[in-house]
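These notes concern the structure reproduced below.
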Amino acid sequence: MFRPLAFYIGLRYTRAKRRNHFISFISLISMLGIALGVTALITVLSVMNGFEKELRERMLGMSPHIMVFPEKEVTNQWQSLSEEIRKHPQVTGVAPYIQGQAMVSFDKNMKGVFLQGIVPSIEPQVSKVPQKLKVGHLDDLKSNEFKVIIGHELARSLRVSVGDQITIVVPQANVTPVGVMPRMKRMAIAGVFEMGIHEFDSNFVLMHIDDAAKLLRVEEGFVHGLNIKLDDMFAATKVKKEFLATLPAGFYLQDWTHRHANFFKAVKMEKTVMFIILSLIIAVAAFNIISTLVMVVTDKESDIAILRTLGATPNTIMWIFMVQGTLIGVVGTLLGLIGGVSLALNIESVVALVEYISGDKILNPAIYYISDVPSDLHWFDVMKIGLLSLILSLVATLYPARRAAKTQPAEALRYE
């Protein structure tokens with residue numbers, strides 16, 4: 001069992017002596033290695049959390065938290081359904097939509113897009129498009145005027161700007177005297193938005209819901225479904241289950257965690273792999289503790305033998321060297337936690353300093369959608385990393401400590 005004597009002697013062995021400066025140097029390297037590993041792990045995970053948070057917020061700036069749509073293609077019960085949904089305390093907005101696929105063309109350029117018919121007056125309740133408009137206003141989309149708002153990347157690929165007329169072709173046919181012709185409509189560009197997500201900026205075309213209904217041949221008063229916004233995006237799964245129990249039969253619900261499941265699974269996998277890889281830095285430093293303690297045990301064999309002859313038990317000897325190795329791990333972990341948390345909380349200032357010194361932008365805005373390095377420190381990650389470091393440090397002391405405990409006093413003192 002643990003005794004103050006073991007702690008005192010283990011602490012004394014940790015300090016440098018005239019004849020074991022090399023051992024103390026290895027102890028220092030082990031300590032710094034653990035600190036470096038913990039700092040790197042906290043910083044990298046915080047930056048990855050920051051990128052994940054930024055991408056999630058940008059995705060959900062245009063994508064709703066929950067979608068409600070009927071078994072059939074359209075429904076005319078959306079107004080009563082909307083009123084029922086708004087009664088939920090966590091719902092902050094409900095808006096109808098009509099959507100479909102189409103082709104847009106301008107001059108010789110053509111692109112497949114996703115049409116979204118919206119009600120401009122209530123769309124801000126479920127979308128951040130009004131805040132992301134580079135040119136134009138959402139109110140410019142008026143019924144029967146056939147105007148559209150398109151993404152920044154789509155405008156660049158088509159080489160169009162506000163005021164240009166684009167042709168929209170939907171996959172529905174008109175029967176004419178000269179044969180079957182695709183449905184086409186010329187529409188004017190009223191605005192350009194930039195959400196910062198390639199999927200939206202290059203593929204989405206917004207128009208008034210009445211114009212979308214006429215273009216896609218949806219009967220008046222019918223919609224494809226409802227978009228729902230919540231006060232807490234992470235409550236989407238729970239709220240969806242509550243709606244399933246209260247909404248009338250014949251409707252399906254889908255939350256954002258299901259629609260973007262593959263993306264967030266990929267991010268989670270990357271974080272897991274990065275955690276494992278960077279944990280190896282801590283593991284290597286912990287192995288240095290083993291080599292340090294093995295050399296200390298060899299150097300202190302005579303001291304161990306004398307302690308045994310004075311009545312010290314094998315457990316006491318074992319605790320002496322476990323205290324020494326654990327102390328290295330504790331100090332290294334504390335230094336790493338302080339460094340990692342400080343760096344994660346000030347990553348933007350550090351990146352700005354590096355950019356100032358180098359004269360180059362780390363994330364070029366012309367190439368990357370996210371041009372700043374975000375950081376989102378999770379204290380649970382800090383606790384998990386600190387605990388991992390302490391456990392590895394403790395495990396690293398077991399073999400040398402057991403070897404010291406098995407020292408035979410007679411053998412160790414034979415040639416003394």
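The values are calculated or read from the model by the stated rules, or taken from the named source; none is laboratory data. For clarity, every value in this text was computed on a predicted model and none was experimentally measured. Heads up, the Cβs are rebuilt from the backbone with ideal geometry, glycines too, and the neighbour counts pull from every protein chain shown.
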Handout entry: Residues of region 102-122 satisfying the condition of being in contact (Cβ under 8 Å) with a residue 60 or more places away in the chain and within 18 Å of ASN227 (Cα to Cα)
Key = PHE114, LEU115, GLN116, GLY117, ILE118, VAL119, PRO120
Problem - From ILE42, ILE34, ILE29, ILE9, residue being assigned by TED's automatic domain parsing to the domain that holds LEU390, at pLDDT below 80, more than 30 Å from PHE200 (Cα to Cα) and not basic (Lys, Arg) - result: ILE9
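Have a look at LEU392, LEU307, LEU345, LEU388 and point out the one that is farther than 24 Å from MET274 by Cβ and either in contact (Cβ under 8 Å) with a residue 24 or more places away in the chain or touching a helix residue (DSSP H, G or I) at 6+ places or on another chain (Cβ under 8 Å) (or both).
So the residue among LEU392, LEU307, LEU345, LEU388 that is farther than 24 Å from MET274 by Cβ and either in contact (Cβ under 8 Å) with a residue 24 or more places away in the chain or touching a helix residue (DSSP H, G or I) at 6+ places or on another chain (Cβ under 8 Å) (or both) is LEU307.
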Problem - Residues that are within 31 Å of the chain's Cα centre (by Cα) and over 17 Å from SER30 (Cβ atoms), drawn from region 279-306 - result: none
Problem - In region 211-239, the residues that are in a helix (DSSP H, G or I), out of contact with any Asp or Glu (no Cβ under 8 Å at 6 or more places or on another chain) and not aliphatic (A, V, I, L, M) - result: LYS214, PHE234, LYS238
Completion exercise
Checked VAL74, VAL104, VAL113, VAL119 against criteria (assigned by TED's automatic domain parsing to the domain that holds LYS238, touching a Lys or Arg at 6+ places or on another chain (Cβ under 8 Å) and among the hydrophobic types (A, V, I, L, M, F, W, C)); the one match is VAL104
Completion exercise
By residue number, the members of region 284-306 that are out of contact with any Asp or Glu (no Cβ under 8 Å at 6 or more places or on another chain) and polar (S, T, N, Q) are ASN288, SER291, THR292, THR298
Handout entry: Segments classed as strands (runs of 3 or more DSSP E), wholly inside region 83-153, with at least 2 members that are touching a Leu at 6+ places or on another chain (Cβ under 8 Å) and among the polar types (S, T, N, Q)
Key = 91-106, 109-118
Exercise for the section: Mind listing whichever residues of region 55-77 are outside any loop (DSSP other than H, G, I, E, B), modelled with pLDDT under 85 and of a type outside the set (D, E, K, R)? Expected result: LEU55, MET59, THR75
Exercise for the section: Determine whether ILE304 is surrounded by 14 or more Cβ atoms within 10 Å (Cβ to Cβ), of a type outside the set (D, E, K, R) and more than 30 Å from GLY336 (Cα to Cα). Expected result: yes
